[in-house]
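This report concerns only the one structure given below.
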Amino acid sequence: MNYIDSEHLESWIEGGQAWVAGGDVCQAFHDVLLEFPWTPTRIDWRAVEHVTIDLDEIDDEAVAAMARAQKVPLHTHVLVLFSPDQPGLICETENALENLDHLYWKAPGARYFCGADVDESGWRYHYRDFGEFDGTAKVTLRVQGSV
């Protein structure tokens with residue numbers, strides 16, 4: 001079963017809070033992630049310039065504002081990756097960052113998302129403007145121009 005088939009995510013799709021991104025987009029994002037240094041289970045942030053936000057220390061509504069204040073490149077939307085061989089979701093940035101627990105519920109381990117924008121020609125993905133949600137309380141965002 002695909003993660004996006006979960007009832008809690010289907011309601012977001014049906015309610016217009018999320019759009020499905022094809023597996024080809026997710027695979028392309030995954031391929032870019034593999035270009036970065038890794039520990040056995042996640043990006044090796046010691047080698048990538050980043051900002052970490054502790055969700056236990058701020059309100060969910062403040063995540064995007066805090067990221068912007070620290071000069072992290074954010075786009076109008078994010079691509080939420082569950083697995084490179086499954087469809088993902090596209091959500092408005094603020095809504096996604098305020099609801100990472102909800103989006104990644106049932107998806108164990110570190111999870112990745114990247115920026116996306118839409119214009120008259122369709123979706124444009126910014127795979128190198130990415131972040132990681134650790135599944136509990138930390139969001140780590142890559143600072144543009146690093147590694």
Report, to two decimal places, the Cα Rg of the range 46-110 normalised by 2.2 N^0.38 Å (N = number of residues).
-> 1.17
Largest first, what is the accessible-area ranking of 94, 57 with a 1.4 Å probe?
-> 57, 94
Calculate, for the chain, the solvent-accessible area per residue in square angstrom, rolling a 1.4 angstrom probe over the heavy atoms of the protein chains.
-> 50 Å²
Enter the accessible area of residue 20 (Å², nearest 10), with the probe set to 1.4 Å and all protein chains included.
-> 80 Å²
Rotationally averaged projected area of the range 6-89 (alpha carbon convex hull; nm²) = 7.1 nm²
Quickly work out the residue 143-to-residue 52 label distance, labels modelled 7 Å from Cα along the C-beta direction, and quote it in nm with one decimal.
-> 1.5 nm
Dipole magnitude of the chain about its Cα centre (Cβ charges: Lys, Arg +1; Asp, Glu -1), debye to nearest 20 | 560 debye
Ordering 106, 71 by how much accessible area each has at a 1.4 Å probe, largest first, what is the list?
-> 71, 106
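The values are calculated or read from the model by the stated rules, or taken from the named source; none is laboratory data. Just so you know, these numbers come straight off a predicted model, no measurement behind them. We place every Cβ from the backbone using ideal geometry, glycine too, and count neighbours over all the protein chains shown. Heavy atoms of the whole protein, side chains included, go into the accessibility calculation; ligands, DNA and RNA do not. Shrake-Rupley method; radii C 1.70, N 1.55, O 1.52, S 1.80 Å.
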